[in-house]
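Q: Before I ask anything, here is the structure I am working with.
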Amino acid sequence: MKKGKLIGLLGILTAGVLALSACGSSSKQAGKNNFRTLDEIKKSGTINIGVFSDKHPFGYVDENGEYQGYDIYFGNRLAEDLGVKINYVSTEAANRVEYLETGKVDVILANFTVTPERAEAVDFALPYMNVGLGVISSEKDAVTSLDNWNADDEMIVISGTTAEPYMTKNYPNIKLQKYDTYANAKNALLNGTGKAWVNDNTEVIAFANSNPGYVVGIDSLGVNDTIAPAVTKGNSSLLEWINTAIENLGKENFFHKDYEETLTDTYGSAYADTLVIEGGKTK
């Protein structure tokens, strides 16, 4: 073989090896997990938890700029038991899965209802609360049924919540007025922009109790579900730790204490056994 051809062949082979090496490196990079394991969180000294900042009494920021609520009380205990500091990250309903997939947070504790569709995208831990859908409207023109809905009226929903797909599937003829935040949805109801608001029954009951002139005409719509923490798909070490923590917390009736501290003013003591799940065990 002539020297020129040999050099050319060596050049081609070298380029090929470099290309394969680059592809291998890219594949490894692309396959890298977008989550931190339990050990990595411990080593960092901080856990990032996604919560709501405008959903009283579950996750909200008080007048002093501090996070408060049922989910926050739970999050604080998780961080304490893990021995790390806590960094709360404000999220909207539509961003919960995204924040896990991109590694922005380690855990979601934002009133996250467990559904089969969501379980394909994230890993849910054991549940800690029961929830269903409810409909709230003005007391002057209360909505007590969706069967005779006026075609000109619109129903308020929050994008990314279970209410949105439920209404689309079961009441396709009802026009939906969609909002990205709880604050905007509440304002739409107060301003009369929408006829009624369908959301978690816990949320609409709380709204009615704190806003005279509004009533929950439908307190249970569809099938009741559960709320649970969520972690990035495949983060088994963190998932297992949270499940064990929930089981252990059940032994001390932790979530009833959480309810007493954060929800009694809104719902009274009568709802405690209805809403609370201890130790991840549903009835």
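We did not get these values from a lab; they are worked out from the coordinates using the rules stated. Note that the structure is a prediction, hence the values are computed from the model and not measured. Virtual Cβ from ideal backbone geometry, glycine too; neighbours counted across all protein chains shown.
Q: Express in nm, to one decimal, how much length is gained between Thr244 and Ser269 on full extension, taking 0.36 nm for each residue of separation and deducting their alpha carbon distance.
A: Taking 0.36 nm per residue and subtracting the Cα distance, the gain is 6.3 nm.
Q: I'd like to compare 205-214, 73-82: which one has the highest average count of other Cβ atoms within 10 Å, and what's the full order after that?
A: For the peptides 205-214, 73-82, the packing ranking is 73-82, 205-214.
Q: If you plug each phi of the range 46-57 into the Karplus form 6.51 cos²θ - 1.76 cosθ + 1.60 with θ = phi - 60°, what whole-Hz ³J(HN,Hα) values come out, in order, with x for Gly and Pro?
A: Karplus values, whole Hz, x for Gly and Pro: 9, 10, 9, 10, x, 9, 7, 10, 9, 10, 5, x.
Q: In the neighborhood of Asn150, defined by Cβ-to-Cβ distances under 13 Å, what is the net charge if each Lys or Arg adds +1 and each Asp or Glu adds -1?
A: Result for the local shell: -3.
Q: Quick one: net charge of Val231's neighbours, Cβ under 9 Å, K/R +1, D/E -1?
A: With Lys, Arg at +1 and Asp, Glu at -1, the net is -1.
Q: Cα-Cα over 27 Å: which of Lys55/Lys195; Lys43/Lys281; Lys251/Lys283; Lys43/Lys257; Lys140/Lys186?
A: The pairs that break the limit, which is 27 Å between Cα atoms, are Lys43/Lys281; Lys43/Lys257.
Q: Using the Karplus equation 6.51 cos²θ - 1.76 cosθ + 1.60 (θ = phi - 60°), what ³J(HN,Hα) coupling, rounded to whole Hz, does each residue of the range 252-264 give in order, writing x for Gly and Pro?
A: Per residue, the Karplus-derived 3J(HN,Hα) values read 10, 6, 4, 6, 6, 5, 4, 4, 4, 6, 10, 10, 4 Hz.
Q: In addition: In what order do Trp197, Trp241, Trp149 fall by count of nearby beta-carbon atoms within 10 Å, going from fewest to most?
A: Neighbour counts put them in this order, fewest first: Trp149, Trp241, Trp197.
Q: Give me the net charge for the shell around Phe58: Cβ to Cβ below 12 angstrom, other residues only, Lys and Arg +1, Asp and Glu -1.
A: Spelling it out: positives minus negatives among the neighbours equals -4.
Q: Using +1 on the beta carbon of Lys and Arg, -1 on that of Asp and Glu, and nothing else charged, what's the dipole of the chain about the Cα centre, debye to 20?
A: 2020
Q: In the calculated pair distance distribution of the range 136-202, what percentage of Cα-Cα distances lie above 15 Å?
A: For the range 136-202, the fraction of Cα-Cα distances above 15 Å is 47 percent.
Q: Modelled label-to-label distance, Glu101 and Asn33, 7 Å Cα→beta-carbon offset: nm?
A: Each label point is offset 7 Å from its Cα along the Cβ direction, giving 1.9 nm.
Q: Given R₀ = 51 Å, FRET efficiency for Lys251-Leu190 by Cβ-Cβ distance, to 0.05?
A: The value I calculate is 0.75.
Q: Report the full-extension gain for the segment Thr144 to Lys283: residue separation times 0.36 nm, less the Cα-Cα distance, to one decimal in nm.
A: Stretched fully, the Thr144-Lys283 segment lengthens by 47.2 nm.
Q: What is the antiparallel percent of DSSP beta bridges lying wholly in the range 131-225, to the nearest 5?
A: 60
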